[in-house]
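Below is one structure, written out as structure tokens; the observations come after it.
The values are calculated or read from the model by the stated rules, or taken from the named source; none is laboratory data. Keep in mind the model is a prediction, meaning the values are calculated, not measured. Here the Cβ positions follow ideal geometry from the backbone for every residue, glycine too, while neighbour counts run over all protein chains shown.
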Amino acid sequence: MEAVSNFLASDLFYRFRKSPVAVLAFIVTALLVLSALFAPWIAPQNPFDPGSLNLMNGFSEPGKPNQFTGETFMLGTDDQGRDVFSTILYGLRISLFVGFSAVMFAMVLGSVLGLIAGYTGGRTDTIIMRIADIQLTFPAILVALLIFGIAKGITPPSYRDEVAIWVLILAIGLSDWVQFARVVRGATLVERNKEYVQAAKLIGRKPMAIMLKHILPNTLGPVLVIATISLALAIIAEATLSFLGVGAPPTQPSLGTLIRIGQGFLFSGEYWILLYPAGTLLALALSVNLLGDWLRDALNPKLK
Amino acid sequence: MPTPLLSVRDLVIEFPTRHGPLTAVDGVSFDLAAGEVLGVVGESGAGKSLTGSAIIGLLDPPGHIASGEIYLKGKRIDNLRAEDMRAIRGRHIGMVFQDPLTSLNPLYTIADQLIETIRTHLRLSEREARQRAIGLLDDVGIPAASRRIDDYPHQFSGGMRQRVVIALALAAEPELVIADEPTTALDVSVQAQIIDVLKEQCTQHGASVILITHDMGVIAETADRVAVMYSGRIAEIGPVREIIQNAKHPYTSGLMGSIPTLAQEEDRLVQIPGSMPRLSDIPPGCPFNPRCEKVFDKCRVQRPSLIPVENRQVACWLYEDTGTSEVAT
Amino acid sequence: MSKVAAKAATPLLQVSDLSCVFDVSKPWLNRLIEREPKQFLRAVDNVSFEIRKGETLALVGESGSGKSTIAKMLVGLLDPSEGTILFDGEPMITHSSDRMTELRKRFQMIFQSPYASLNPRWKVADVIAEPMIVLGVEKDSAKIQARVDELLDLVSLSAADGSKFPHEFSGGQRQRIAIARALSSSPEFIVCDEPTSALDVSVQAQILNLMRDLQDQLGLTYLFISHDLSVVRHMANRIGVLYLGALVEISDSKELFRAPQHPYTRMLLDAVPDLEMTGRKRKEVEGEIPNPINPPSGCTFHPRCPFANERCRREVPRWTRTKTGVAACHGVEESRIPETEMAR
């Protein structure tokens, strides 16, 4: 309770209230996340349970009764008769899950490596940061494709669909750790020389304790900002991979998979199969990104 | 009485915040005569630097002058447009800051910067301006000025850089120089040199000086009069010697007692309990009342204005009835 | 008690021939291309001194004098390049971690910046309790809490302040918290690195008074580092003056101010502003501190010294006994420096 009231009284919350863009972005993000979380309860059907599908419902136009069955679908149906609204809700679930997990993975990996590089310095620092530099010279999506390809090569075909999501998380996470490492290393270099760290060294605290208890909490601000912006990028990366057909399998389609499926129908007139998932992806990525931008400005008043 | 060179009337500087405006400088008034050196002394947050910035029109937003007037030679300057103020800065008011690198552009040579300043404000040819610049550097004690003028700021040591800044401040013969903590970033042995140069050069060019510092020692050696600031207000203003040797305001006397000196043999320093209030909770009445030994009821409710005592002014209710006569302590 | 009595003769801290050399070379590739040799900075050069139990030794010097580097070496934050530090007869640098923990309980440090020396994400009580817990002085959490309250009280803060965060305090109050932390493991020896230079004068007076009271109350030994001679005069029993990493004079505090021997000490004293307005004219000091990477030959002070001669330019001065202490100056050794008129 105290934490909540503290937050409501904080400068951060005040700045948030004063920024209409941030409030709007937050509402859109929250709506999308909540509907993804409660998809099984909100969605009119489970689009991936073949039993609940009726092929006769295929290609229903949005908001109009189907010519064969008379059923109405808010956002229409695809060729299999799947409700597009439901597929979007389930797709959001996958997209958000992959994006969120990938960012968490990248954040933990990057922060740990950045902390070690910044605190230890010397050769360890050089090795970690050179790897990061080299990785930065390749486009992230290429790195993800490469990791995905390798993972595909070493998993037996029967497991591929099961592990596809985890491989996706690994691939996106590994392509994204560098910026966390750089930010945390930079902050660590600043904090390392502050006198509170010297005071801890003086009493013989081990480097591990100093890094985790003293330095890490003071680097969390920028990490949070990067994490939010990365979330938008990770969701787009996931969509890109899935669109290219190397991401989420058709049995667990994400928004990217839906877009790939939908583009086949664009020129035959069934625009809704593409348009609504694409619109959702755009809204999600944009609102998360705006939220990240706002957070960056709010936590760093000097930029204003 | 002739018009003072600079006259500040009821200056109020505010910072807007979500909890309402914070008043950082509250009703500051003083006059500065031509050729005079006024020291402004106070602890961090007392509003001394803000007062200086307001006079030269360089308050950092969101801070702004909420009310009050500033006159230079009888002409109001606090409400000028930015470009008109820019013409006054440099030509009529010169500046010396704590960090020489805020006044010097690291990308240009000293010659470039001096000549540009001189030619912006004075009608001189490139050659004449260069001659003048070398003369100025010579005056502030830069050895081999004609050679070193083509060096970049980073090629000078801290003390030498501050000398260059003084030359730059005086380049267009301003009537007023505002020096904000000019020696704080320097080593003790160099401080004395810079203070000497500043004072000597300003006297020679006939410029008045407002010397803003937290160091009473610097004021003692340099200023004619001193204004002691506390919580955005002037607590006491008057001739330096008298204020240092016989402070009237309890804050001033506490401040003087708390400075360790070389002559002192006592074990304990005089200490003022507590610390200066934050801007967000300045107490009603006299802002010093919670820390004051001589506090009485009136101090807690009514704010004292400057009361003339002898040849100085003190914002303290102790002197309300005494007017200009001495109070028994 | 008997242990203390037995060791009363030995100084608490003995520093001999302490040096610290930093490699300030450009990166390897730049050196290769620009054909420059490696560059070294002797931040501390052959410094020796002793601190007796219960006294305050002050080290004064301007920027680049190596005073903070010495402080860091004394508390083990920096390894000396040469020389030894004996704490109560035992070498300070030991590889046995148990012995090191025992030693660490006995010394502490107060830092310059009250803003950077407290972790902004930690509550004040946790900040103060950390040395106690890490060094294993106290294990029971109720006792730790009681000790934290006691320490807060000792530095004139209230027990309720323990649950606040550092940003809720003013600079002076933060320095009090830093002092409470330094006292938390009940040390005997405290290194104070410019503890008041970031504070306003009226607050500085409070902190200096507090530090003196604590010294009397707890029998602490201080090494007090400062650039401000008037502060040093107020705090120290003995004073060492540093110039470009080397000690130039050590003397009893009162004597140093009455009869400074080394020309640099005199110059420093001359540069202190005259607040009594006695009309004493500050003497114009020549020149500035040279670049420590390329220090002058012989006595490093010779380019600024009014008494320098050929010998000073050539030969590094050795320690000479003076009437008041010791000084490293050829002029003092040859008694060719006029008696000072420093009688105050």
| said: Restricting to the range C:70-81, and then to whatever is within 12 Å of chain A (Cβ to nearest Cβ) and assigned to a loop (DSSP other than H, G, I, E, B), can you tell me which residue is nearest to the chain's Cα centre (by Cα)? | reply: C:75
| request: Considering each of A:16, A:59 in turn, give the residue that is closer than 20 Å to residue A:71 by Cα and surrounded by 14 or more Cβ atoms within 10 Å (Cβ to Cβ). | output: A:59
| Would you pick out the residues in the range B:174-196 that are of a type in the set (Val, Ile, Thr) and at pLDDT 90 or above? | B:177, B:178
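Here is a list: C:101, C:84. Which entry is within 24 Å of the chain's Cα centre (by Cα), within 11 Å of chain A (Cβ to nearest Cβ) and among the hydroxyl-bearing types (Ser, Thr, Tyr)?
On the way: C:84 fails: within 11 Å of chain A (Cβ to nearest Cβ).
Step by step, each of C:101, C:84 is checked, and only C:101 is within 24 Å of the chain's Cα centre (by Cα), within 11 Å of chain A (Cβ to nearest Cβ) and among the hydroxyl-bearing types (Ser, Thr, Tyr).
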| remark: Per the list (1) more than 24 Å from residue A:282 (Cβ to Cβ); (2) surrounded by 15 or more Cβ atoms within 10 Å (Cβ to Cβ), residue check on residue A:153 breaks on (2)
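If the requirement is being of a type in the set (Asp, Glu) and away from chain C (no Cβ under 14 Å), which of these qualifies: B:200, B:181, B:175, B:221? Working first, answer last.
On the way: B:200 fails: away from chain C (no Cβ under 14 Å); B:181 fails: away from chain C (no Cβ under 14 Å); B:221 fails: away from chain C (no Cβ under 14 Å).
Matching residue, one of B:200, B:181, B:175, B:221: B:175.
Going through the range C:223-243 one residue at a time, which ones are assigned to a strand (DSSP E or B), within 11 Å of chain B (Cβ to nearest Cβ) and either aliphatic (A, V, I, L, M) or closer than 22 Å to residue C:317 by Cα (or both)?
First, the residues of the range C:223-243 that are assigned to a strand (DSSP E or B): C:223-226, C:238-243.
Right, trim to within 11 Å of chain B (Cβ to nearest Cβ) and you get C:226, C:243.
Result: C:243, single match.
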| task | Hey, could you check the range C:257-280 for residues that are at the interface with another protein chain (Cβ under 9 Å from one of its Cβ atoms) and not in a helix (DSSP H, G or I) and say which is modelled with the highest pLDDT? | result | C:272
| note | Here, strands (runs of 3 or more DSSP E) confined to the range B:233-315 with at least 2 residues that are surrounded by fewer than 21 Cβ atoms within 10 Å (Cβ to Cβ) are B:307-309
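Is it the case that some residue within the range B:40-47 is closer than 16 Å to residue B:231 by Cβ, assigned to a helix (DSSP H, G or I) and within 14 Å of chain C (Cβ to nearest Cβ)?
Step one: list which residues in the range B:40-47 are closer than 16 Å to residue B:231 by Cβ, which gives B:40-47.
Now narrow it down to the ones that are assigned to a helix (DSSP H, G or I): none.
No, that holds for no residue.
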| query | Given the conditions (1) touching a residue at least 40 places away in the same chain (Cβ under 8 Å); (2) buried (at least 18 other Cβ atoms within 10 Å of the Cβ); (3) outside any helix (DSSP H, G or I), which single one is not true for residue B:186? | reply | (1)
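For the range A:189-294, which fully contained helices (runs of 4 or more DSSP H) count at least 3 residues that are modelled with pLDDT of 90 or more?
Details: elements: A:195-202, A:220-243, A:255-263.
Passing ranges, in order: A:195-202, A:220-243.
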| Tally time: how many residues in the range B:240-272 are within 21 Å of residue C:215 (Cα to Cα) and more than 8 Å from chain C (Cβ to nearest Cβ)? | 2
| request: Among the numbered conditions (1) at pLDDT 85 or above; (2) outside any helix (DSSP H, G or I), tell me where residue C:214 comes up short. | output: (2)
| said: Tell me whether the range C:244-256 contains one or more residues that are more than 27 Å from residue C:136 (Cα to Cα), part of a helix (DSSP H, G or I) and away from every other protein chain (no Cβ under 13 Å). | reply: yes
| message | So, in the range C:57-68, exactly how many residues are in contact with a strand residue (DSSP E or B) (Cβ under 7 Å, 6 or more places away or on another chain) and either of a type in the set (A, V, I, L, M) or more than 13 Å from chain A (Cβ to nearest Cβ) (or both)? | response | 8
| For residue A:221, are the conditions met, namely being touching a helix residue (DSSP H, G or I) at 6+ places or on another chain (Cβ under 6 Å), surrounded by fewer than 20 Cβ atoms within 10 Å (Cβ to Cβ), touching a residue at least 60 places away in the same chain (Cβ under 8 Å) and within 14 Å of chain C (Cβ to nearest Cβ)? | yes
| task | Report the residue count in the range C:82-105 for those that are surrounded by 16 or more Cβ atoms within 10 Å (Cβ to Cβ), in a loop (DSSP other than H, G, I, E, B) and either of a type in the set (Ser, Thr, Tyr) or at pLDDT 85 or above (or both). | result | 2
| How many residues are at the interface with chain C (Cβ under 9 Å from one of its Cβ atoms) and aliphatic (A, V, I, L, M) when one looks only at the range A:187-214? | 6
| query | Which members of the range B:5-42 meet the condition of being free of Cβ contacts under 8 Å to residues at least 40 places away in the same chain and under 19 Å from residue B:238 (Cβ atoms)? | reply | B:31
| query | Of the residues that make up the range B:82-101, is at least one small (Gly, Ala, Ser), away from every other protein chain (no Cβ under 14 Å) and in a strand (DSSP E or B)? | reply | yes
| request: Would you please name the residue that is surrounded by the most Cβ atoms within 10 Å (Cβ to Cβ), looking only at residues in the range C:184-222 that are closer than 18 Å to residue C:111 by Cβ, more than 10 Å from chain B (Cβ to nearest Cβ) and aliphatic (A, V, I, L, M)? | output: C:191
| query | For the range C:107-114, does any single residue satisfy the condition of being in a helix (DSSP H, G or I) and either closer than 19 Å to residue C:177 by Cα or at the interface with chain A (Cβ under 8 Å from one of its Cβ atoms) (or both)? | reply | no
